[in-house]
1. Under 5 Å between amide hydrogens, which residues at least 5 positions from Asp247 or on another chain qualify, with H placed 1.01 Å from N in the peptide plane?
2. Quick check on the stretch 89-149: take the gyration tensor over C-alpha atoms, sort the square-rooted eigenvalues as a ≥ b ≥ c, and tell me if it's rounded (a/c under 1.5), prolate or oblate.
3. Counting other Cβ atoms within 10 Å of each Cβ, which GluC sites (Glu not before Pro) in the stretch 231-270 have at most 11 and sit in a DSSP loop?
4. With contacts defined as alpha carbon pairs under 8 Å and 6 or more residues apart, what's the relative contact order of the stretch 180-270 in percent?
5. What full-extension length gain, to one decimal in nm, is calculated for His178 and Asn216 as 0.36 nm per residue of separation minus the Cα-Cα distance?
6. Starting from the Cα of Ser124, step 7 Å along the direction of its Cβ; do the same at Ile80; then give the gap between the two resulting points in nm.
7. From the P(r) of the stretch 130-179, could you give the percentage of C-alpha pairs in the tail past 14 Å?
8. Using Stokes-Einstein with the Kirkwood hydrodynamic radius over Cα pairs, what translational diffusion coefficient do you get for the stretch 143-284 at 20 °C and a viscosity of 1.002 mPa s, in µm²/s rounded to a whole number?
Amino acid sequence: MKAAVKLCRRLSGCRAVTAEVAADFAPETEYEWHFKTTLEPCVQSESTRTIEIPLKARGNSTAWPGPMPVAELQALKMQIVHEDPPVVRIEKFLSELEIEHIKSLARPRFVKSTVGMTYEGGGSRTSETAWLNLGEDGNDETLRNITSRITQITRLQHENMEPFQVVRYQPGQFFAEHQDYLDQQEEQVCGGRIGTFFMYLNDDVEGGETHFPAWNLKIKPEKGLAILWWNVNYTALQEGQFRKVSDPGASHEALPVREGEKWVVNRWLHPYDFLTPYFAGELR
């Protein structure tokens, strides 16, 4: 119990820990504790123990000032390709050297891409994925420099981002229409994927556009280009609301590659600390 409470205090989104216990509950006994980002599902009973973490003892959940205002993005020479909600286009975000470095890290790690929280394959996603999530990746100077620039644009700290995910598409491969936001993550300490920072690693490819049907927006792969979009209602996001606010309009698809290979890399963005519980094995 003490270890669970201690870890909860370190995580910005954690409000309580809860466990299913027997009637003879003993604090020193080992139980399977779960983190709670809200107290709504928590019910005190003979078989349940919930420990709320005092506000002053929790990680700082109000540190994120919200997304950068559109006017500030435009002042930084970033293009707004969709206004409501804003989709941001950043030309030449990645350098040639950074692109080649990411590719070299990813090549030996590719496995079949999976979908959602089940981590299962399927016909809706036919690409290959390489996660840059080893211990040494966290100390990689190139990756750290890229992350620093993502932080400046999103105003989210590094810990709130999932590791770099590199995806490679061969001719005929695609990712059917989907939403990056996963409802199941709302009950986890990191919260859902409120945003996606998406980068293209090559443009010598035919097809493979990123298509947002509801926004009538189609983005052609361009080497070094980065795109930022938010997966939740933008007004709610600005007001600091992160639960039950998924935006259906953010559904998108990777159109089939007709010729050549398509390489992309992304980082999913969370309202609270993702990396600490991720590396501690606390996320499902």
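A short reminder: the numbers here are calculations on the coordinates, not readings from a lab. Computed from a predicted structure; not experimentally measured. When we count neighbours, we look across all protein chains shown, and the Cβ atoms used for this are built from the backbone with ideal geometry, even at glycine.
1. Close amide H contacts, sequence-distant or interchain: Val232, Asn233.
2. Prolate is the answer for the stretch 89-149, as a/c is 1.5 or above and a/b outweighs b/c.
3. Passing both the DSSP loop test and the Cβ count: Glu239.
4. Relative CO of the stretch 180-270 lands at 43 percent.
5. Here the answer is 12.2 nm.
6. 3.1
7. The proportion of pairs with Cα distances above 14 Å equals 63 percent.
8. So the translational diffusion coefficient is about 136 µm²/s.
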